[in-house]
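One structure is given below, encoded as structure tokens.
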Amino acid sequence: MSAFYTVLLLIVSNVFMTLAWYGHLKLRQLEIVTDHTPLILIILLSWGIAFLEYCCQVPANRIGFAGNGGPFSLMQLKVIQEVISIFVFTLFSVLAFRGESLHWNHIAAFVCLILAVWLVFLKP
């Protein structure tokens, strides 16, 4: 179950991360945030969202790390996190920003990431 909880927490963490990093761009499109909104307010909003990211990311790593009794090595945790991150970002960009679309090279990159996950789980 620790593998399941680790991946679930990493997914939630990456949703918050994507919102913290790119959500203000969507708010700008919706004209909730304007050119006159002070940058410091945008940064503070992003930090608040990023706090929620860390509230999920840190437990995910503690639960999942083999050194703490979890099922994943440090390298495996990182590669899993990166794949989840790009997957969440892709969903966000395609759904929230209708002008963004997937192209063949994006799909090829995803295949490479999946290959990276497979490679990192191979026994040396």
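The values are calculated or read from the model by the stated rules, or taken from the named source; none is laboratory data. Keep in mind the model is a prediction, meaning the values are calculated, not measured. Please note: Cβ atoms are built from the backbone with ideal geometry, for glycine as well, and neighbour counts cover all protein chains shown.
So, Glu82, is that one surrounded by fewer than 18 Cβ atoms within 10 Å (Cβ to Cβ) and at positive phi or not? Before you say what the answer is, go through the steps one by one.
On the way: surrounded by fewer than 18 Cβ atoms within 10 Å (Cβ to Cβ): yes; at positive phi: no.
Considered against the rule, which asks whether it is surrounded by fewer than 18 Cβ atoms within 10 Å (Cβ to Cβ) and at positive phi, Glu82 comes out as no.
Restricting to the stretch 22-75, what's the tally of residues that are without any contact (Cβ under 8 Å) to a residue 40 or more places away in the chain, outside any helix (DSSP H, G or I) and in contact with a strand residue (DSSP E or B) (Cβ under 7 Å, 6 or more places away or on another chain)?
1
Collect the residues in the stretch 91-115 that are closer than 14 Å to Leu19 by Cα, part of a helix (DSSP H, G or I) and either out of contact with any Leu (no Cβ under 7 Å at 6 or more places or on another chain) or small (Gly, Ala, Ser) (or both), keeping them in residue-number order. So that I can check it myself, show each step before the final result.
Step one: filter the stretch 91-115 for residues closer than 14 Å to Leu19 by Cα, giving 91-97.
When the remaining residues are screened for being part of a helix (DSSP H, G or I), the result is 91-96.
Those that are closer than 14 Å to Leu19 by Cα, part of a helix (DSSP H, G or I) and either out of contact with any Leu (no Cβ under 7 Å at 6 or more places or on another chain) or small (Gly, Ala, Ser) (or both): Leu91, Phe92, Ser93, Leu95, Ala96.
Taking the stated definitions as given, is Phe121 at pLDDT 95 or above, among the hydrophobic types (A, V, I, L, M, F, W, C), within 20 Å of Ala3 (Cβ to Cβ) and over 17 Å from the mean Cα position of the chain (by Cα)?
Values: at pLDDT 95 or above: no; among the hydrophobic types (A, V, I, L, M, F, W, C): yes; within 20 Å of Ala3 (Cβ to Cβ): yes; over 17 Å from the mean Cα position of the chain (by Cα): yes.
In short, no.
So, of the residues in the stretch 27-79 that are farther than 24 Å from Pro124 by Cα and polar (S, T, N, Q), which turns out to be surrounded by the fewest Cβ atoms within 10 Å (Cβ to Cβ)?
Thr34
So the check is Cβ under 6 Å with 6+ separation or different chains; which pairs have a first residue in the stretch 6-18 that's on the phi < 0 side of the Ramachandran plot and modelled with pLDDT of 95 or more and a second one that's among the polar types (S, T, N, Q) and in a helix (DSSP H, G or I)?
From residues that are on the phi < 0 side of the Ramachandran plot and modelled with pLDDT of 95 or more, the pairs are Leu10/Gln81; Ser13/Gln57; Asn14/Ser85.
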